[in-house]
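Nothing in this text is a laboratory measurement; each read-out follows from the coordinates by a stated rule. Not measured: the values here are computed from a predicted model. Cβ placement follows ideal geometry from the backbone for every residue including glycine, while neighbour counts extend to all protein chains displayed.
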Amino acid sequence: MPHILVTGASGFLGQAVVTAIQNIHPKWTITNLDLRAPPVPQPNVTYIQADITQASEVDIAIRKANPDAIINVAGWVPSGSLRYSNSKALRDKVFGTNYRGTLNVLSAAQKTNCKAFVHTSSCTVISDDQDHDFPDMTEDIPIGHATLAYGASKAPAELAVLAANTTEFKTCALRPATIIGPGDTYGVIATIHACIAKGETPWIIGAGDNMYDFVYITNIADAHLLALENLLSTTPFPESAAGHAMFVSNQQPVYFRDFMLAIWKHFGHVPPFQLMIPTPLAWVAGLMAEIKTCVCGQKESTLSRGSVRDAVGTRYASNEKVKRILGYHPRVDFVDAVRLACEDYKRFLAAKGANKQANDVKIS
């Protein structure tokens, strides 16, 4: 039976990938290589601690595991205002993990009997070029033009993985849309929910007609399993994924404003009014917020030129390639995906509130 090593398997996506493998191939051997152990021990999964930014640690760990295939999920996503930061420290951390970390895993894999390498790239290798809109993105669009650190770090990592593809060491890369689902307590659902308390829900930046796409956590985990099975197969059907990058989403682009309204509705909130703010005015306000942050030495502002560009940008991808090569189809519909993600975040907030109340009682 194949032995699969998953980097970053203690995280949000990594845990879902492990579960997807176990559901379909319960007898396969799985190793989790991560900096931290999973919050809850994963049954029948061996855990190896290693920092992917440290080449020697990764080399020793992967040589010891000697897997048949690797799914490289490990990475670091700047959240909140950090997404738009251009500070050297931030970019160094992002590139150190997402680019050089991938090179370390890739290099170590090539020194073993590993036959297949599935890499978690990102749609941001293209869409983080904030100077352009990207409706119906396809894989023939050149990468390497991202202006934000995350997409800029993911692009060379993806190129390195695909360049390593051979008949003996097959590689491919998946480009997930923004992932939503249970277990994510700091991502897009949390960010949009936070607008309620800040009183920001009435404001519409731009025309409010820009479209985005997302992907539910188990759907993107399914895509990783399909890619893994494809690379390990001696007769991949419909065709080999080796050497390919593929966008993966829920295949249901939505107006971003409608997405926000749907989330707020799940939490019982409807904006008391709606007011459209012209994009140029919002951009100037973002610039002023950045200047104030810099002059006053405060933390990164929620409002910035980057966040304004994100709010009005059109970014969604075609899934024709991943459907053709892997036979991918999202099993969880987007309406259900939003509901399940919001219900889970409600439970998280309730538990957080209960813990705070219990701690307050102990203190008093």
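Starting from the Cα coordinates of segment 111-171, work out the convex hull volume and express it per residue in Å³.
Looking at segment 111-171, the number lands at 88 Å³ per residue.
Taking the Cα centre of segment 155-248 as the origin, how large is its charge dipole in debye, to the nearest 20, when only Lys and Arg (+1) and Asp and Glu (-1) carry charge on their Cβ atoms?
For this selection, approximately 140 debye.
Enumerate the calculated ³J(HN,Hα) couplings along segment 167-183 in order (Karplus 6.51 cos²θ - 1.76 cosθ + 1.60, θ = phi - 60°), each rounded to whole Hz, writing x wherever the residue is Gly or Pro.
For segment 167-183, the Karplus curve yields 5, 8, 9, 8, 10, 8, 9, 9, 10, x, 6, 4, 8, 10, x, x, x Hz.
For Phe256, Phe273, which order do you get if you count the other beta carbons within 10 Å of each Cβ and list the fewest first?
Listed from fewest to most nearby Cβ atoms, that is Phe273, Phe256.
Tell me what the chain gives for mean residue ellipticity at 222 nm when only DSSP H runs of n ≥ 4 count, each as -39,500 (n - 2.57), the sum divided by the residue total, rounded to 500 deg cm²/dmol.
-14000 deg cm²/dmol
Amide H neighbours of Ile277 under 5 Å, counting only residues 5+ apart in sequence or on other chains, H built in-plane at 1.01 Å?
Ile204, Ile205, Gly206
Rounded to a whole number, what is D in µm²/s for segment 193-278 from Stokes-Einstein with the Kirkwood radius over alpha-carbon pairs (25 °C, 0.890 mPa s)?
Working: Rh = 16.0 Å.
Answer from the Stokes-Einstein relation: 153 µm²/s.
Which FRET efficiency value, to the nearest 0.05, is calculated for Thr166 and Asp133 with the Förster distance at 35 angstrom and r the Cβ-Cβ distance? The partial results should precede the final answer.
Numbers: r = 37 Å, r/R0 = 1.05.
Given R0 = 35 Å and the Cβ-Cβ separation, E is 0.45.
Share of Cα-Cα pairs in segment 233-281 beyond 12 Å, in percent?
79 percent
Counting residues in segment 203-243 as N, plug N into 2.2 N^0.38 Å and put the Cα Rg over that result. Mind showing how you got there, number by number?
On the way: Rg = 17.3 Å, N = 41, 2.2 N^0.38 = 9.0 Å.
For segment 203-243, the normalised Cα radius of gyration is 1.92.
7 Å from Cα along Cα→Cβ at both Thr279 and Arg339: what's the point-to-point distance in nm?
Here the answer is 3.5 nm between the modelled labels.
Karplus couplings for segment 186-199 from phi (6.51 cos²θ - 1.76 cosθ + 1.60, θ = phi - 60°), rounded to Hz, Gly and Pro as x?
For segment 186-199, the Karplus-derived couplings read 9, x, 5, 4, 4, 5, 6, 4, 4, 5, 5, 5, 7, x Hz, x marking Gly and Pro.
Where in segment 251-266 does the amide nitrogen come within less than 17 Å of the point 7 Å from the Cα of Glu200, taken along Cα to Cβ?
Those under the cut-off are 256-265.
DSSP loop trypsin sites (Lys or Arg not before Pro) in segment 1-78 with at most 16 other Cβ atoms within 10 Å of their Cβ, which ones?
Passing sites in segment 1-78 are Lys27, Arg36.
Taking just the alpha-carbon atoms of segment 128-212, what radius of gyration and Dmax come out, in angstrom?
Cα only, segment 128-212: 17.3, 56 Å (Rg, Dmax).
Please get the size of the charge dipole for the chain, origin at its Cα centre, with Cβ charges of +1 on Lys and Arg and -1 on Asp and Glu, quoted in debye to the nearest 20. Mind dumping the intermediate values first?
Working: 32 positive and 32 negative charges, 182 e Å.
For the chain, the charge dipole is close to 880 debye.
Convex hull over the Cα atoms of segment 36-129, averaged projected area in nm²?
Average projection, Cα convex hull of segment 36-129: 7.4 nm².
Can you spot the lysines whose alpha carbon is less than 17 Å from Lys356's alpha carbon? Ignore those fewer than 8 places along the same chain.
Filter leaves Lys346.
Provide the gained length on full extension for the span Ser87 to Arg36, in nm with one decimal, where the gain is 0.36 nm per separating residue minus the Cα-Cα distance.
Working: separation 51, 0.36 × 51 = 18.36 nm, distance 2.62 nm.
Full-extension gain reported as 15.7 nm.
Given DSSP loops and a limit of at most 16 other Cβ atoms within 10 Å, what is the longest stretch of the chain that contains no such GluC sites (Glu not before Pro)?
Formally, the longest exposed-site-free interval is 1-167.
What list of ³J(HN,Hα) couplings, whole Hz, do you get for segment 248-256 from phi and the Karplus terms 6.51, -1.76, 1.60, once you set θ to phi - 60° and write x for glycine and proline?
3J(HN,Hα) across segment 248-256, in whole Hz: 9, 9, 7, 6, 9, x, 9, 5, 4.
Could you compute how fast the chain diffuses translationally, taking Rh as the Kirkwood radius over C-alpha pairs and applying Stokes-Einstein at 10 °C with viscosity 1.306 mPa s? Give it in µm² per second.
The calculation lands on 74 µm²/s.
Determine by what factor the alpha-carbon radius of gyration of segment 165-236 differs from 2.2 N^0.38 Å, reporting the quotient.
This ratio for segment 165-236 stands at 1.65.
Using only C-alpha atoms and all pairs of different ones, pull out the Kirkwood radius for segment 95-246 in Å with one decimal.
Kirkwood hydrodynamic radius for segment 95-246: 17.2 Å.
Gaussian network model of the chain, Cα springs within a sub-10 Å range: biggest mean-square fluctuation belongs to which of Ser85, Ser153, Ser56?
Ser56
By count of other Cβ within 10 Å, fewest leading, how are Met1, Met137 ordered?
Met1, Met137
Just want the answer: with Cβ charges of +1 for Lys and Arg and -1 for Asp and Glu, which residue in Pro67, Val77, Pro38 is farthest toward the dipole's positive end in the chain?
Pro38
Enumerate the amide H contacts of Lys170 below 5 Å, restricted to partners 5 or more residues apart or on another chain; note that Pro and chain-start residues carry no placed amide H.
Long-range HN contacts for Lys170: Ala116, Phe117.
State the number of lysine pairs found in segment 83-174 whose Cα atoms come within less than 29 Å, restricting to pairs 8 or more positions apart or on distinct chains.
Eligible lysine pairs with Cα atoms under 29 Å apart amount to 9.
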